[in-house]
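Scroll down for the structure; my scribbles are underneath it.
The values are calculated or read from the model by the stated rules, or taken from the named source; none is laboratory data. Bear in mind that the values here come from a model prediction, so they are computed numbers and not experimental data. Cβ: placed from backbone, ideal geometry, glycine included. Neighbour counts: every protein chain shown.
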Amino acid sequence: MATWHPKNEHEQIILAPVKQGVGRDRILWIVLASILLAGIAAWARQFVLGLGVTGMNRPVYWGVYITNFVFFIGLAHSGTFISAILRVTGADFRKPLTRAAEAITLFSLPFGVACIVIDMGRPDRVLNMIRYGRFQSPLLWDFTAVSLYLLSSIVFFYLSLIPDIALCRDRLTDVPPWKHRMYEILALGWTGDSHQYHRLERVLDAMAILMTMIVITVHTVVSWVFGMTIQPGWHTALIGPFFLLGAIFSGTAAVVIVLAILRKLYHLEDALPIGLFNSLRKLLITFTLGWLYMMIAEFLTTYYGSLPEEMEVFWQKFTGDFYLIFWGMTILVFFIPLFIFIFRAKDSIPWMVTAGVLINIGMWMERYVVIIPTETRPRLLYELVQGSYRPTWTEWLITAALFSGMGLLYAIFTRLFPIIPLWETVDSLEHEPEPERPEPRRFGERTAQV
Amino acid sequence: MARWSMVIDLDKCVACQGCSIACRFENNTPIVSPEEAELGREMLWNEVFPLRAEEGDIASEQSRFLTRPCMHCENPPCVKVCPVQATFIGDEGIVHQNYARCIGCRFCTVACPYGVRYFNWYAPSWEEGLEQHLNPDRVMGNGDLEGPAIRPRGVVEKCTYCIHRLHKARARAEAEGREIRSGEYVPACVQTCTGKARFFGDLEDPNSIVSQLSQERRAFRLLEEAGTRPKTIYLEEG
């Protein structure tokens, strides 16, 4: 039986980047790969010499690496938010965006995990986490939640990719043999009959619920690494929801940037209409205001309680060593984006991208300003030793490498697989009447014995 | 079962830093370059800090100091967060640090409100000649490496109440078929203290010096409000 594929009017333009092959991309790949390699070299040097090559010290024991960890896990939330949470709530505008957003998840998670290993003094002992793991430690919660998130994201992403891989297998016959062979294997013998589509939708719906639960767990648990200590500025119940909101906020802003780039470079104007950006704009306005709400809730509570050790950290942020980053972040994440979204960004992709970039820079700064000021004024030591922190070139180079690595994986992916889901964006998947399915049996119910 | 505790009388402390130096040589803490020390990477398991004078304090003319070993909390924030049980509270209340297992995530260092934990940013080094005179004591076995044993780079270390001295005292007592006598096990800082400001003993024994002193009206613990219940107890000045 020949494979059936749903008819998608944008099939040609969506498949074009995959058909085209590498071409001029090679230069971009080489640039990204060399930054990645330089970062790996810097990490190797750090491994040999010790973490002393970073700017970390006492009491600022955690620096840019942990900031990156939180940021990358936050970026990852974009994909799951758009593909899972919006699937559960039935927001259909998500359909053309799902894969582009999920790919951000998939390619930022490994670099988030890498941050933890890079930050470890003894990465060679990483397996101790499994051998001697203590589930009372929030770091093990992180380890478990993030690995589960990575695994389930891969499965979720791959499942929704199968029909399109089968399409590539059948349509792209003049690609290099290795590429065709790859499509053949990864398509898992997909034939596109209605049973398969029906089953796939059911699995994806069920997984979307699971993914929604995981995504909320993951970023809350990430924040608990800080929240479960008794350090001022960290030990607040708000830190979990605040991290979660920030993650979805920066993630959605990242989707805007990625979509605009894809749309421009791969001429996907018809497949990614401007209306999508307007839908994202509405979401982002909500998140911007939500962010302000969280800020006020957190800092007003701290200020009125005015516990001495909490106020040390509070003033560090508002007027102390970190005032530039703190106020810069507030302007980048809140004031400018809100102004852009309300007055400029409707039907304007350049303004949307500007806001998206500002939000992501600002959210990185936000992670930094949550983590570092607390460490410079720990409970007892704020009277004794006052910390300061200046990252070194090793830390910046490794940070650049992490972002390049993510970009590289993304760029390669767009040349191998269609970045807009073809089967999800068609009008109808019905090519024959829905087959009869047996009534599902309730748990414990017995069939009548005749 | 003993519950080891230290009492520091701040009235008697003259801030000579003898405790810091005795600890350094007893426990082989590495010496860092002045540039590294500037960054805040010096290693002194027992640090002596000058206290900031309160504004408008009449007594602010007088310099005040605080000497700070590990608090060996009954409810230690560091132990709670360690992902691999490299730090744990022993039967006798001492908070151990196992260098052989530590993965260097530094969760304990950020969780400790007293800043008693130190990280090996580089492999340890000593000045020429000094490395010939390191303390050979080490506590090993069962996958553990504790006490003055040389730490590799990338792991966390801290005051252990000179745990190797406890092991030695116990071995001696066992060989002679008796209990450890009071005063038989004291950390190096207590032994060396110029002003005789430090006392060490078993809190379970109501007659021990630390039990007696901990009942004094001057007795207090650092950051009592944090609920960590330290076994290092201070006696207030004045």
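Take the residues of the stretch A:345-374 that are of a type outside the set (A, V, I, L, M, F, W, C) and under 25 Å from A:V225 (Cβ atoms): which is nearest to the other protein chains (Cβ to nearest Cβ)?
First pass over the stretch A:345-374, keeping only residues of a type outside the set (A, V, I, L, M, F, W, C): A:346-348, A:350, A:354, A:356, A:360, A:362, A:366-368, A:373-374.
This time we only want the ones that are under 25 Å from A:V225 (Cβ atoms), so: A:360, A:362, A:366-368, A:373-374.
On the way: A:N360: 26, A:G362: 24, A:E366: 19, A:R367: 15, A:Y368: 15, A:P373: 13, A:T374: 8 Å.
Taking the candidates together, the pick is A:T374.
If I filter the stretch A:45-70 down to residues being over 26 Å from the mean Cα position of the chain (by Cα) and part of a helix (DSSP H, G or I), which single residue comes out as nearest to the other protein chains (Cβ to nearest Cβ)?
A:G52
Exactly one condition in (1) closer than 30 Å to B:E42 by Cα; (2) at pLDDT 90 or above; (3) in a helix (DSSP H, G or I) is not met by B:E225; state its number.
The number of the failed condition is (2).
Taking the criterion of being part of a loop (DSSP other than H, G, I, E, B) and crowded, with 17+ Cβ neighbours inside 10 Å, would at least one residue in the stretch A:184-191 satisfy it? Break it down into steps so the answer makes sense when it comes.
Initial filter on the stretch A:184-191 (part of a loop (DSSP other than H, G, I, E, B)): A:187-191.
Add one more test, that the residue is crowded, with 17+ Cβ neighbours inside 10 Å, and what stays is A:187, A:190.
So far as the stretch A:184-191 goes, yes, one or more of its residues are part of a loop (DSSP other than H, G, I, E, B) and crowded, with 17+ Cβ neighbours inside 10 Å.
Considering only helices (runs of 4 or more DSSP H) fully contained in the stretch A:95-176, which possess at least 3 residues that are away from chain B (no Cβ under 14 Å) and more than 17 Å from B:P83 (Cα to Cα)?
Output list reads A:98-119, A:138-171.
How many residues does the stretch B:83-94 hold that are facing chain A (nearest Cβ under 7 Å) and farther than 18 Å from B:R151 by Cα?
1
Show me the helices (runs of 4 or more DSSP H) found entirely inside the stretch A:281-392 where at least 1 residues are over 30 Å from B:P113 (Cα atoms) and touching a helix residue (DSSP H, G or I) at 6+ places or on another chain (Cβ under 9 Å).
Where helices (runs of 4 or more DSSP H) fall fully within the stretch A:281-392 and carry at least 1 residues being over 30 Å from B:P113 (Cα atoms) and touching a helix residue (DSSP H, G or I) at 6+ places or on another chain (Cβ under 9 Å), they are A:336-339, A:349-376.
Tell me yes or no: at least one residue of the stretch B:67-78 is more than 22 Å from A:L51 (Cα to Cα), of a type in the set (D, E), in contact (Cβ under 8 Å) with a residue 40 or more places away in the chain and not in a helix (DSSP H, G or I).
Yes, the stretch B:67-78 has at least one match.
If I ask for residues that are more than 19 Å from A:A145 (Cβ to Cβ) and in contact (Cβ under 8 Å) with a residue 24 or more places away in the chain, which ones from the stretch A:92-117 would you list?
The first filter runs over the stretch A:92-117 and keeps only residues more than 19 Å from A:A145 (Cβ to Cβ), leaving A:92-101, A:103.
If the condition is that a residue be more than 19 Å from A:A145 (Cβ to Cβ) and in contact (Cβ under 8 Å) with a residue 24 or more places away in the chain, then A:F93, A:K95, A:P96, A:L97, A:T98, A:R99, A:A100, A:A101, A:A103 are the ones that fit.
Pairs only if they're at least six apart or on different chains, beta carbon under 7 angstrom, first in the stretch B:208-226 and closer than 30 Å to A:Q231 by Cβ and more than 11 Å from every other protein chain (Cβ to nearest Cβ), second at pLDDT below 95 and surrounded by fewer than 16 Cβ atoms within 10 Å (Cβ to Cβ); list them, first residue then second.
B:R218/B:E236; B:F220/B:E236
Would you point out the residue of the stretch B:95-120, among those that are under 14 Å from B:K80 (Cβ atoms) and more than 7 Å from chain A (Cβ to nearest Cβ), that is surrounded by the most Cβ atoms within 10 Å (Cβ to Cβ)?
B:C112
Can you find even one residue in the stretch A:15-30 that is at pLDDT 90 or above, away from chain B (no Cβ under 14 Å), in a helix (DSSP H, G or I) and within 29 Å of A:S147 (Cα to Cα)?
Yes, because at least one residue in the stretch A:15-30 is at pLDDT 90 or above, away from chain B (no Cβ under 14 Å), in a helix (DSSP H, G or I) and within 29 Å of A:S147 (Cα to Cα).
Which number in (1) buried (at least 21 other Cβ atoms within 10 Å of the Cβ); (2) more than 14 Å from chain B (Cβ to nearest Cβ); (3) at pLDDT below 90 marks the one condition that A:R377 misses?
(2)
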